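All of the numbers you see were taken from the coordinates with simple rules; none came from a lab. All figures in this text were calculated on a predicted structure; none of them were measured in a lab. Using ideal geometry, Cβ is built from the backbone for each residue, glycine included, and neighbour counts are taken over all protein chains shown.
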Amino acid sequence: MKERIACKAGFRSLGFSEMAWYGDTRIQLKLPREWDVTVCKMAGHNMKPLSQKEIQNALERPFGTTPISELSRGKKKTAIIFDDLLRPTPVAVLIPFILRELEKGGVAKSSISFVAGTGAHRPMIRKDLVKKLGENIVEEYPVYTHNPFGTMSSLKKVGKTSLGTPVEINREVMESDLKIGIGCIIPHSLAGFTGGAKIVFPGCASIDSIRHNHEELAGSKAGNCRHHPSIGIGKVEGNIARSDMEEAARIIGLDMVVDTVLNSRREIIGVFAGDCIKEHRVGVALAKQVYATKTVRDADVVIANAYPLDSSPSAAMSAANKSVRENGDVVLLASSPEGVFLHYTTGRFGREFNMPLPHLPAKKVKRIYLLSRYPTKKDATTPPFDNEERTMWCKSWKEILEKLRATHGENPKVAIYPYTGIQWLND
């Protein structure tokens, strides 16, 4: 959906959501009336959230499996795996429904544990877990954060995929005879879309497993820096990395995944439960419709809001790169107290060392202005930013606006993407 901004006089103020998991606050930008502005919203930006009854119905009608209440009968130990703050999934909304289904199946509360499927992201601490799960879950159930660098006392070798990826998985997950994942389906640069098998692989995998899948198979190992042609945003079928993840999930014995599709306010507008491949494909079909966003081409300036992935602005940069003209400028809104999210396979860990992934800005962008209340010197050279000369960190929109006017005059062509963390630029 494209929305034209018509201004009568002076400035037009445009509001953006920011800081998911840190208050979901609003920021206002004043845009000059002379600017030729197009606001590019996703098709389902304002869709109505599901009712509690609709969520319950979705859990009772899973794809490719029986309901949780039946799957859980006779099980002795249950692991509920959930995603971290880098994903917008409102896990706390779904947990009561899942716990009720487990109770129907005769599962004892004492046999249930929760595992944060963080993959190679940073560990979660208590305040993160409370945000994701709710205070009552953290107080009443054992909740663990996955450690991809663990020894075989906390990881378990369970096999190898046909593509040679070692399947080394969180032991708490592997020693549970019922494994349920909770996640969301949003665009993803490696797996096409998140969700499905990703909750356990790479979510609960060792760093060696993750590296083989992300680097050896995806083509981003040292000296290559070119992705395999089958991977990319929106690519699911035939995606070599995702196929490997799904084969690993079969080896692991993932019983069920509950995936969500969200609107622009991080509210649930779709729930898909069941087999990790079958439910995922149905969910992806809706996600492609909901997140679909018409693309403005050859914009002088692109303003891309990283929300709701404020601490991981790579999706925002990818969207901007599709819209900006050669030597145009990009403004990224990515205000997170965490800074650019720490990822152990894509982060920078020294002045001259970072993981060998391709840089998203490539040849197009002349200047990246990153509007953030929490600028960090190190992050200017962390993907998706390729060098600190090209990246300018600013705390003030006024400062950026003055520079844009000086560079592009009074009537630039401007494209605005309000929540690139979940938008799919499909044209």
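Here are the numbers for the structure shown:
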quantity: Long-range amide H partners of K156 with built H, under 5 Å; calculated: I169, N170, R171
quantity: The chain: DSSP helices with Cα axial extent of at least 15 Å and average Kyte-Doolittle hydropathy no lower than 0.0; calculated: 91-104, 240-252
quantity: Amide proton proximity set for F63, modelled H, under 5 Å, gap of 5+; calculated: A273, G274, D275
quantity: Highest to lowest packing among 195-207, 28-40, scored as the average C-beta count within 10 Å; calculated: 195-207, 28-40
quantity: Summed residue charge, Cβ within 12 Å of S111's Cβ, Lys/Arg positive, Asp/Glu negative; calculated: +1
quantity: Under Karplus coefficients 6.51, -1.76 and 1.60, residue-wise ³J(HN,Hα) of segment 336-342 in Hz, glycine/proline x; calculated: 9, x, 7, x, 5, 4, 6
quantity: Integer Hz, Karplus 6.51/-1.76/1.60 couplings in order for segment 292-299, x for Gly and Pro; calculated: 4, 9, 5, 9, 7, 9, 6, 6
quantity: Residue-by-residue Karplus 3J(HN,Hα) for segment 46-51, coefficients 6.51, -1.76, 1.60, Hz, glycine and proline x; calculated: 10, 5, 6, x, 5, 7
quantity: Spin-label pair T376/D208, simplified geometry with 7 Å Cα→Cβ offset, distance in nm; calculated: 2.9
quantity: For P49, net neighbour charge (Lys/Arg +1, Asp/Glu -1) across residues whose Cβ lies under 15 Å away; calculated: +1
quantity: Distance (nanometres) between label positions extended 7 Å along Cα→Cβ at K48 and N411; calculated: 4.4
quantity: 17 Å cut-off, amide nitrogen to a point 7 angstrom out along E60 Cα→Cβ, residues in segment 229-271; calculated: 271
quantity: R126 paired with E237, simple spin-label distance in nm, labels 7 Å along Cα-to-beta-carbon; calculated: 4.9
quantity: Listed pairs K53/K288; K30/K377; K127/K403; K278/K366 exceeding 32 Å between Cα atoms; calculated: K127/K403; K278/K366
quantity: Cα pair count fraction exceeding 33 Å, expressed as % - the chain; calculated: 32
quantity: Förster-model FRET efficiency, 56 Å R0, E135 and R325, C-beta, rounded to 0.05; calculated: 0.70
quantity: Size of segment 52-290 as Cα extents on the principal axes (Å, biggest first); calculated: 51, 44, 33
quantity: Computed FRET value (nearest 0.05) for R265 with D177, which takes r as the C-beta separation and R₀ as 51 Å; calculated: 0.85
quantity: Under-5 Å amide H pairs with A292, H placed in peptide plane, nonlocal only; calculated: A43, G44, W424
quantity: Charge context of D83, other residues only, Cβ under 11 angstrom, K/R +1, D/E -1; calculated: +1
quantity: Theoretical FRET efficiency, 1/(1+(r/R0)^6), r = Cβ-Cβ of R250 and K157, R0 22 Å, to 0.05; calculated: 0.85
quantity: Set of aspartates and glutamates with alpha-carbon distance to K109 below 20 Å, sequence-local pairs under 8 removed; calculated: E70, E101, E135, E139, E140, E172, E175, D177, D255
